Amino acid sequence: RKQIAAAVFVVLALILFAYLIHLYNHDHNDYTSLLNLSSEQLTALQRCAPEEATTLAQITSGLTCEPPNERKHSIVLLSAYPNEDANEFRRVYETATGISSYSPYLQIDDRHSRACTFQSGPWELYCRGSPECTFQHPPAWEIPYFVKTAFPIYQMMCDIYGYDLPTHDGVLHIVRNPVDAIYGWYSSQSEITSIDTFVYQYAEWHKYWKDYEYKYPDASVSWVRYEDYCMCQEEIFETVLQVSGIRGLNSTDLSQAIDMYSCNVTRELGVGLPLFSLSDLELIGETTIEYVHHFGYDDLFLEMIQHHHRGNDEDLTDNEVLIAALYPQLNESPPSDSFCRNLAARVWHWEGLLG
């Protein structure tokens, strides 16, 4: 029996020695070819050579093991066509909650700080403020990172990193009528003269996120119309807070943040119309009619076209024509609490029902 035990010990020692040599000769950290001992072999090694078994366990665990089932901090995307709409929401969010929101960038500038690495892929999150985040970072564990994205616009950034989108737990979209949405981005660009590109990208943005809902039917997705936010800021922003994981916020903090960054629908609605020709509006109609209809902009868009037919001689800055086209049931100004509650309750999912 002693001879058999000794023979077993020698065999196991040779196995251990061979794989220690293997590790030494493969210092490029390719650990996938380590010996996968059976439970019986491990038991025998522990019984006959406990010190060597412990050494082997330390080596392999130190090289290949990571914390099991490591849970990453959750992320909610703040998605919008790339104008200033998402930034307006971020300002209210940060001021009301005191918590940072984030953007994925390729490089740093003097107005942002690198906050952390993205939790899926080699992304990086940047917060407002330099050299440190102006607001709380990171958020409490139960509050997701609130991350702005204009994907699939600017998708070159994503292509460079090799990922379409970071892993995320929910998406909040800000949608706006095509005339004002396109104007918001086009007017900030000094080198591009053709508006057609922006029209096609508006349609591309909508198509991507429509397809996303059908591709991932169980995903947590919410839509907010920018015009509704300007009409009923507090009620609509309650939806934003709910989706972004904020609970129990003091109503005074939200009211003060909204007062600081107020949005007036009579000033905002139709602000981009003077930029567009009739042919531009025709292109928008041909390219985006599905989205115009889905989000309830049909009558508003028709009114914008009729305005052009009337000769563009009306000042739309402070009139109620476009308001009435978008909100035919609005009977008073400012809107009543019940009107705003009903507006906030509307559902704009592609597989949901229009309110």
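Rounded to the nearest 0.05, what FRET efficiency do Q189 and Q306 have when you use their Cβ-Cβ distance and R0 = 30 Å? Let's see the in-between values first.
Working: r = 28 Å, r/R0 = 0.95.
Computed FRET efficiency for Q189 and Q306: 0.60.
Does the range 236-355 come out rounded, prolate or oblate, given a ≥ b ≥ c as the square roots of the eigenvalues of its C-alpha gyration tensor, rounded meaning a/c under 1.5 and, failing that, prolate meaning a/b above b/c? It would help to have the intermediate numbers written out before the result.
On the way: a/c = 2.16, a/b = 1.59, b/c = 1.36.
Cα axes put the range 236-355 in the prolate bin.
Note down the net charge around W223, summing +1 for each Lys or Arg and -1 for each Asp or Glu among other residues with Cβ under 13 Å from its Cβ. Numbers along the way, then the final one.
Details: positive: R176, K210, R225, R346; negative: D85, E213, E227, D228, E351.
With Lys, Arg at +1 and Asp, Glu at -1, the neighbours total -1.
Whole number please: convex hull volume per residue of the Cα set in the range 180-302, in Å³? Walk me through the intermediate numbers first.
Numbers: hull volume 16.9 nm³, N = 123.
Dividing the Cα hull volume of the range 180-302 by its residue count gives 137 Å³.
Find how much the distance from M260 to D218 grows on full extension, using 0.36 nm per residue of separation minus their present alpha carbon separation; answer in nm with one decimal. Numbers along the way, then the final one.
On the way: separation 42, 0.36 × 42 = 15.12 nm, distance 3.64 nm.
Gain on stretching M260 to D218: 11.5 nm.
The range 227-277 to the range 200-219: how many Å between their Cα centroids?
Comparing the Cα centres of the range 227-277 and the range 200-219, I get a distance of 24 Å.
Using the Cα atoms as the points, what is the convex hull volume per residue of the range 203-260 in Å³? Before the final figure, lay out each step's value.
Values: hull volume 5.6 nm³, N = 58.
Each residue corresponds to 96 Å³ of Cα convex hull volume.
Please give the FRET efficiency for L275 paired with K210, using the beta carbon to beta carbon distance and R0 = 25 Å, rounded to the nearest 0.05.
Details: r = 26 Å, r/R0 = 1.05.
With R0 = 25 Å, the Cβ-Cβ based efficiency is 0.45.
So for each of 209-220, 77-88 I average, over its residues, the number of other beta carbons within 10 Å; can you give me the resulting order with the highest mean first?
Working: 209-220: 12.5, 77-88: 21.5.
Per-residue mean Cβ counts within 10 Å order the peptides as 77-88, 209-220.
Each reported figure results from applying straightforward, stated rules to the coordinates on display, with no laboratory input. Computed from a predicted model, the values in this text were never measured in an experiment. All Cβ positions, even for glycine, are placed from backbone atoms using ideal geometry, and neighbour counts span all protein chains on display.
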